[in-house]
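Take a look at the structure below.
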Amino acid sequence: MARNEAIEKVAQWIAEAKKVVVFTGAGVSTESGIPDFRSPGGLWDRYDPREFYFQVFLTSEEARIKYWQMHSELHRLLKTVKPNTGHYACTELNKLGKLDCVITQNIDNLHQGAGLPDEKVIELHGNALRVRCLDCSKQYSREEIQERIEGGERVPRCEECGGLVKPDTISFGQAMPDKEMREAESHSRQCDLFIVIGSSLVVQPAALMPVYASHGGARLVIINLTPTPYDTEADLVIHGQAGEVMSEVLQRAKEKLLTEGGPSSG
Ligand code: NAD
Ligand code: ZN
């Protein structure tokens, strides 16, 4: 299908939908300058997050030092980046009254940065702007912990209980957050349109969400630069840049809602 035709179709499906769930991965944030796992020259060329298995973080001081070096670099990067048109398109979808929620695998807070309210974002892999004690759950701001690191602490510990603190993100080998997983599954099963943006759909169990949606009867759209294992199950696949494609889709959806009698016609 030609690109224009595909964009037209997604816009039409948005106009027809009552509950759209958008599922995002690292690819929605690459246009903001945050590399995904596959971009050459990025952060993940120097640090492989797979080396930082949760079990290793718990048991090796050396691994913890390296982990905090990686997160310090990530922190400096996250402080400079801005949301892009892909994130803003999701916010627009919400303003149109179409968005049920965004389920994201990203830890970069950019959906909220683009003005999407917290309650509309389900973070499956946590958020790098928060830090939590693994023992007593006390929360710290990432900024405060960074100041301590820059003051010389290589592996910060909890002021309350002496436990290990860690960014509130899900490492490989760490349990998925229960509440978020339950919510994401239920929203996926109940939506009528499920749009994947910028995810390789290879990280489990997050990648089960499009399957839940599809089994629940939703239309499944995948917008990604490269093929994914679920392309054959999708109703429509667009290979392109997330921000570019989504801003065109939203533009067309808005036009359709105006001409075909959307929320604005009462
Ligand atoms: P991934 O790196 O496995 O896949 C990203 C996908 O996005 C790739 O298939 C790539 O082709 C595609 N892509 C890259 N740029 C794109 C663009 N501009 N437009 C459209 N598609 C684009 O990422 P994933 O599926 O999110 O899973 C990897 C894990 O990495 C997740 O657990 C996530 O938590 C973590 N991660 C998060 C961030 C972030 O928070 N921004 C960055 C890197 C990794
Ligand atoms: Zn503690």
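The values are calculated or read from the model by the stated rules, or taken from the named source; none is laboratory data. None of the values given here were measured: they were computed from a predicted structure. Positions of Cβ are generated from backbone atoms using ideal geometry, with glycine treated the same way; all protein chains shown enter the neighbour counts. Just the protein is used for accessible areas: all its heavy atoms, side chains included, with ligands, DNA and RNA removed. Shrake-Rupley method; radii C 1.70, N 1.55, O 1.52, S 1.80 Å.
Things to note:
- With every protein chain in place, the range 186-259: carbon and sulfur % of accessible area (1.4 Å): 51 percent
- With every protein chain in place, the range 31-136: carbon and sulfur % of accessible area (1.4 Å): 50 percent
- Charge sum, other residues only, whose C-beta stays under 13 Å from Met181's C-beta, Lys/Arg counted +1 and Asp/Glu -1: -2
- Residue pairs, from the table Lys82/Lys179; Lys19/Lys254; Lys19/Lys79, whose Cα atoms sit over 23 Å apart: Lys82/Lys179; Lys19/Lys79
- The range 38-69 and the range 140-202 have Cα centres spaced 15 Å apart.
- Total formal charge among the other residues, if their Cβ is under 10 angstrom from that of Ile107, Lys/Arg +1 and Asp/Glu -1: -2
- Available extension along the chain between Asp235 and Lys138 is 30.5 nm, counting 0.36 nm per residue and deducting the alpha carbon span.
- Crossing angle, helix 85-95 versus the chain [Cα axis fit, 0-90 degrees, rounded to tens]: 60 degrees
- Based on protein heavy atoms only, the chain ends up with 46 Å² per residue of surface accessible to a 1.4 Å probe.
- Using bins of 5 Å that start at zero, the share of Cα-Cα pairs per bin across the range 1-91 amounts to 2, 11, 15, 16, 15, 12, 9, 8, 6, 4, 1, in whole %.
- The range 87-243 - Debye-derived log10 I(q)/I(0), Cα point model, q = 0.11, 0.17 Å⁻¹: -0.51, -1.02
- Residue of Gly97, Gly27, Gly198 that the Gaussian network model of the chain assigns the largest fluctuation, springs spanning Cα pairs under 10 Å: Gly97
- Amide proton proximity set for Val237, modelled H, under 5 Å, gap of 5+: Ile222
- Its DSSP H runs of at least 4 residues, each contributing -39,500 (n - 2.57), put the calculated 222 nm mean residue ellipticity of the chain at -12000 deg cm²/dmol, to the nearest 500.
- Over the range 32-110, relative contact order from alpha-carbon pairs under 8 Å, at least 6 apart, %: 27 percent
- Sorted from greatest to least, the principal axis extents spanned by the alpha carbons of the range 209-248 come out as 29, 19, 15 Å.
- Per residue, the convex hull volume that the Cα atoms of the chain enclose (Å³): 126 Å³
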